[in-house]
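Readers should treat all values here as calculations from the given coordinates under stated rules, not as data from a laboratory. Since this is a predicted model, take the numbers as computed values, not measurements. No Cβ is skipped: glycine too gets one built from the backbone with ideal geometry, and neighbour counts run over all protein chains shown.
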Amino acid sequence: WFGLLEAGQTQDDPRFRRAAMLRIGQGYGHQHNDTLDLHVYAHGYPFVIDDGQRSGYTSGASSSTRWHNVVQVEDKNWLGHSWVRSLSDAEGARYMLAEAVPPEDFPNVRSYRRQVALIDVDEGQGAAPIAPDGVVKGQGLPKGVRTPNSYVVDVVRVSGGRKHTYNVHATIDDELTANVENRAPSDRGKR
């Protein structure tokens, strides 16, 4: 299951669609500890993603909470029920609030909520249906095409637990900014 915020749904050109998705539900069968995992899609590409591998395909199990776009509590895997409590599909400013029930092995956690908003900045220009091979990698967009821009606002609130780690599994080359002081990779030295 998932909660989804979408913009540009009327466009045939996938570069002009954008979306933010939260993984909800229990997650059994999927085999990942990814409750409230965030995915972001824009400009024709997935930006923040689930690595989507079964166990054994990666160094560090893909099923681990650490490999997903979530706040990890106490360096432990989190697999629990979650749902979307609020959803607003207002044109230009879509919003959802999701909540997760702390599993029994997290007795000190009282609350785990995630709020996500997809805020449109502009609609771009020059959208047109394109063939799968219509844009050659490395050559950029055709002249006169400017893809739309949006902000994704992500707020995670966890009450309880002593250690909270914000994990991000995203593209390597894009800038990630945060207002967290003294941030450092939490898995430094671990393999």
Inset, instruction - Please give the peptides 69-75, 146-152, 87-93 ranked by average Cβ packing (other Cβ atoms within 10 Å per residue), highest first, as a rough proxy for protection. - result: 69-75, 146-152, 87-93
Legend entry - FRET efficiency for Phe2 and Lys143, using Cβ-Cβ distance with R0 set to 30 Å, rounded to 0.05: 0.25
Legend entry - Protection proxy ranking, peptides 104-110, 19-25, average beta carbon neighbours within 10 Å, highest first: 19-25, 104-110
